[in-house]
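Q: Take a look at the following structure, please.
The values are calculated or read from the model by the stated rules, or taken from the named source; none is laboratory data. Predicted model only: the values in this text are computed from it and were never measured. Every residue, glycine among them, receives a Cβ derived from its backbone with ideal geometry; neighbour counts consider all protein chains shown.
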Amino acid sequence: MLLKTPGPDPILVIDDEADLRELLEISIRRMGHDVVLAGSLAEARQHLAARRYSLVLTDMRLGDGLGIDIVRQLSSAPERVPVAVITAYGSADNAVEALKAGAFDYIAKPVSLDHLRSLILNALGRQRRDSAEEGGGAAPETADRAASLLPGHSPAMHEVRRALSRLARSMAPIVISGESGSGKERAARAIHAVSTRAAHPFIAVNCGAIPETLMESEFFGYAKGAFTGADAERGGFFQAANGGTLLLDEVADLPLAMQVKLLRVLQERRVRKIGASREESVDVRVLCASHKDLSGMVASGQFRQDLFYRLNVLALRMPTLRERREDIPVLAGAILEHLAVRYGDRYPKRLSAAALQVLSDYPFPGNVRELENLLERAYAFAEGLIIEVADLGPLEAGMALSATPRPAGQPPYLPPAEALQRAAGAAPVAAAPSPSSLAAGWSAPAPAAPAAWSDPGQHGWPDPQRDARAEAAPARSGMPPEPVPQPVAPRLGELAGEPCRASFPIDLPGRLEALERDLILQALQQTGFNRTAAAPLLGLSFRQLRYRIQQLGIREGRDDPAEGTADSADGGQFAAAEGGRDA
Ligand SMILES: Nc1ncnc2c1ncn2[C@@H]1O[C@H](COP(=O)(O)OP(=O)(O)OP(=O)(O)O)[C@@H](O)[C@H]1O
């Protein structure tokens, strides 16, 4: 058991070069911290056995061994003392090796005082949080916070949350993999939120959304007069994320030329604005997300091996929703509560037991995003407090919103007849058994005929299984026979501002898609193809609009007269806006 002294614990510096030891001692004392020095591994071990330190800073090569041995020793000890290494100039391999062994950060020679300062601040912030956790204190950045950001009772999500608190302690880059819509960005936000960087910005950049010619200025900024139109100096994503976290979403889309530049920044932790004479140091933790197989891309020469090695220090895989079906009720509950807030509803709408069953049986190729989109539509369609099977529509609509298009010839997923039969006799239940959703005040109303057959004409979804349901309903629920379905109200025409007289049968999904495409194009034309400006015109977030644009295959050149209009400002604003929201 180590003795704890009152006041902040000192920092232990281990280096066999007397000059560097002295320089570090002076710099650290100037920052107001107590320092203990060791010139060898043996001396360091004696110090470590005698008392506790708030941070250990060790050189990699020492006269009697390697600094990485101290890293391994400390990272497997229960005290969780943060340890950082000092690496020789340009020795990227050492840095990666140390981070993998459990060092929370590294600093390259020649030591930059700015970097030293931020490293110490991060280490001490982390230590305070760890002590609060050890002492049972209610630190906000705890596992609870991770659980609220990434809810779910499945073993897969428990594993993600366990990994998350470990990953949040380090400064090392992380590659977050997983299918589209599985929550990679959300996981990145959670890592940031539970890290000591939480008070600083979180900037998410979609690497695929920035034209190649503008990438450098978007990432690193530019000096005044660097090119025509550069009227004032501007920082890029790295400067905006300083002190915080930068998420490179869809990192596989980075062109090779940009990969080289990014590698340099990761190694040197310095950036140079376009047209600037000086480099500036940046303190940014880089996280990456990709639904593509990066190691496969390395093998095929599409992604640089050295960059992959640098980025893939730590890894997190987000499970698909199919791997954690048991989380669907909790996720649905959380999403419905969120929708209630958005719609200003006092009580969130709830899924009927049958609707929940249908969702639990659905494969969700678009993962949580698809669940979210599906519930969003269902929430709007549901007349009462309960979302019924019919409000979900044929789940083809959800598939259209997913990243994985329905293969040609494959029919839309429809709720199985068995589920529809269950629906006939089922009482509605709250979607999520989470205490918070139940505490929201909803109490199950008396069983009623699900909207699917009480008013099939109103929900507006094409319903090939209506006949099966019509037979099942009265027999099982004892309800009077359902009314004859009425023609769908011509909402399409109303939305488009023109009269619409449908002569049935119609291809409703196809018509809705055409209408959506038309409205998006109108908004894009109005804003000169600026998606950031177009999104609020459509009542969508930037990401939702970008997603719909991708899914509908809308291309500037093909679909929009504003061909050639640069979208870079758009991408930049987007990133800045996201960072702003999360800062
Ligand atoms: N655990 C969760 N709880 C609630 N909502 C979630 C959860 N995970 C993801 N979502 C929601 O699902 C949507 C998709 O999540 P996110 O953008 O993080 O996925 P992604 O894997 O990064 O997708 P892409 O690969 O397309 O960028 C978001 O709207 C997000 O808020």
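Q: Look at residue 205 and say whether it is out of contact with any Gly (no Cβ under 9 Å at 6 or more places or on another chain) and touching a residue at least 12 places away in the same chain (Cβ under 8 Å). Before you say what the answer is, go through the steps one by one.
A: Values: out of contact with any Gly (no Cβ under 9 Å at 6 or more places or on another chain): no; touching a residue at least 12 places away in the same chain (Cβ under 8 Å): yes.
When the stated conditions are applied, residue 205 does not pass them.
Q: Pick out the one residue from 351, 331 that is in a helix (DSSP H, G or I) and among the hydrophobic types (A, V, I, L, M, F, W, C).
A: The match here is 331.
Q: Looking at residue 129 and the list (1) away from the ligand (no atom under 16 Å from the Cβ); (2) of a type in the set (Lys, Arg); (3) modelled with pLDDT of 90 or more, which single condition is not satisfied?
A: (3)
Q: Since residue 188 meets every condition but one in (1) modelled with pLDDT of 95 or more; (2) not in a helix (DSSP H, G or I), which condition does it not meet?
A: That leaves (2) as the condition not met.
Q: Considering (1) free of Cβ contacts under 8 Å to residues at least 60 places away in the same chain; (2) farther than 30 Å from residue 174 by Cβ; (3) over 25 Å from the mean Cα position of the chain (by Cα), say which one residue 378 fails and leave the rest.
A: Here residue 378 meets the rest and fails (3).
Q: Based on what the data block shows, is residue 319 assigned to a loop (DSSP other than H, G, I, E, B), modelled with pLDDT of 90 or more, under 21 Å from residue 150 (Cα atoms) and more than 11 Å from the ligand (Cβ to nearest atom)?
A: Taking the combined requirement at face value, the residue does not satisfy it.
Q: Identify the residue in region 194-213 that is at pLDDT 90 or above and among the aliphatic types (A, V, I, L, M) and, among all such residues, is surrounded by the fewest Cβ atoms within 10 Å (Cβ to Cβ).
A: Step by step, filter region 194-213, then rank; the result is 204.
Q: Right, another one. If I ask for residues that are within 13 Å of the ligand (Cβ to nearest atom) and touching a Ser or Thr at 6+ places or on another chain (Cβ under 8 Å), which ones from region 142-174 would you list?
A: The answer is 146, 151.
Q: With respect to residue 49, is the statement that it is of a type outside the set (Val, Ile, Thr), buried (at least 17 other Cβ atoms within 10 Å of the Cβ) and not in a loop (DSSP other than H, G, I, E, B) true? Break it down into steps so the answer makes sense when it comes.
A: On the way: of a type outside the set (Val, Ile, Thr): yes; buried (at least 17 other Cβ atoms within 10 Å of the Cβ): no; not in a loop (DSSP other than H, G, I, E, B): yes.
It is false that residue 49 is of a type outside the set (Val, Ile, Thr), buried (at least 17 other Cβ atoms within 10 Å of the Cβ) and not in a loop (DSSP other than H, G, I, E, B).
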